[in-house]
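Asks: Questions regarding the structure given below will be posed in turn.
Values quoted throughout were computed directly from the atomic coordinates according to the rules given, and no laboratory measurement underlies them. Source: prediction; values computed, not measured. Cβ sites come from the backbone with ideal geometry, for glycine too, and all protein chains shown count toward neighbours.
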Amino acid sequence: MKFFKNILKRFFQRVFKKRGNVKLGLYGPPNGGKTTLANRICQDWLGEDMGNVSNIAHETREIQIKEQITIKNNGNELSFNLVDTPGIATRIDYEEFIKSGMKEKAAKNRAKEATKGVIDSIKWLDDMDAVVVVLDATKDPYSQVNITIIGNLQARKIPVLLVANKMDLKKAKIKKVEAAFPQYDVIGISAKYGDHIDNFYKALFKLV
């Protein structure tokens, strides 16, 4: 039996090596800080940004991938392909973009692209090996969007790490995020300033 287990172990190790880097997805609602975190990771380990950020929701409307990221911690290395996904929303109204100062035509185009981005994000879930859900810690975690995201991940049995982002702000409440989703580990960070980012990297080793 032990001999058989060793054969299986070596087989899966070979398969994993051929398969290449794992896909690590960044998911969450709009403006939670996914791309800011993606940029932080890429700057720390590649010396470059991944995408643009904006105060207007749905700045990221297409799947963005950065391959061959290798992070290190205590002599260990972890390689993965980072997948930054458009923010998931249950409703996208072009009038909200108009309120942000966009003209009607641009607002309608953005709404159309954002809707497609949400659909693509959900489709890509089936390709993820692990997911980091990035939430704005200043907002109520018990939202329909957050519950929908977590429900989809649970149904697919995908390993999940929750990030309570924007901990540099006074209104940030990590305990609310922990209480909302007690089944998952929660790491509080500020992706913008890099606060507690080392704890996040350590958690990635445990996740993947």
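Asks: What number does segment 104-183 give for Rg over Rh if you use C-alpha atoms and the Kirkwood radius?
Replies: Rounded to two decimals, Rg over Rh is 1.04.
Asks: Return the FRET efficiency for the residue pair ILE119, ILE98: r is the Cβ-Cβ distance, R0 is 30 Å, and the value is rounded to the nearest 0.05.
Replies: The calculated FRET efficiency here is 0.85.
Asks: Suppose each label sits 7 Å from its Cα in the direction of the beta carbon; what would the THR90-ASP127 distance come out to in nanometres?
Replies: Those two pseudo-labels are separated by 2.8 nm.
Asks: Which entries of LYS23/LYS72; LYS34/LYS157; LYS72/LYS123; LYS139/LYS171 show an alpha-carbon separation above 19 angstrom in the structure shown?
Replies: LYS34/LYS157; LYS72/LYS123, as the Cα separations exceed 19 Å there.
Asks: Also, I was wondering about something else. Full-extension gain between THR148 and GLN43, please, as 0.36 nm times their residue separation minus the C-alpha to C-alpha distance.
Replies: 34.7 nm
Asks: Output needed: percent of Cα pairs per 10 Å distance bin for segment 21-207, bins running from 0 to the one holding the longest distance.
Replies: All Cα pairs considered, the percentages come to 10, 38, 38, 13, 1, 0.
Asks: Also, quick follow-up: Extension gain THR138-GLU77, at 0.36 nm per residue separation less the Cα-Cα distance, in nm?
Replies: 18.7 nm
Asks: Taking the Cα-to-Cβ direction at ILE65 and at ASN199 and moving 7 Å from each Cα, how far apart do the two end points lie in nm?
Replies: About 3.3 nm separates the two model spin labels.
Asks: Still on this structure, I have one more. If you take every residue apart from TYR27 with its C-beta less than 14 Å away from the C-beta of TYR27, what net charge results, scoring Lys and Arg +1 and Asp and Glu -1?
Replies: Summing Lys/Arg as +1 and Asp/Glu as -1 gives -2.
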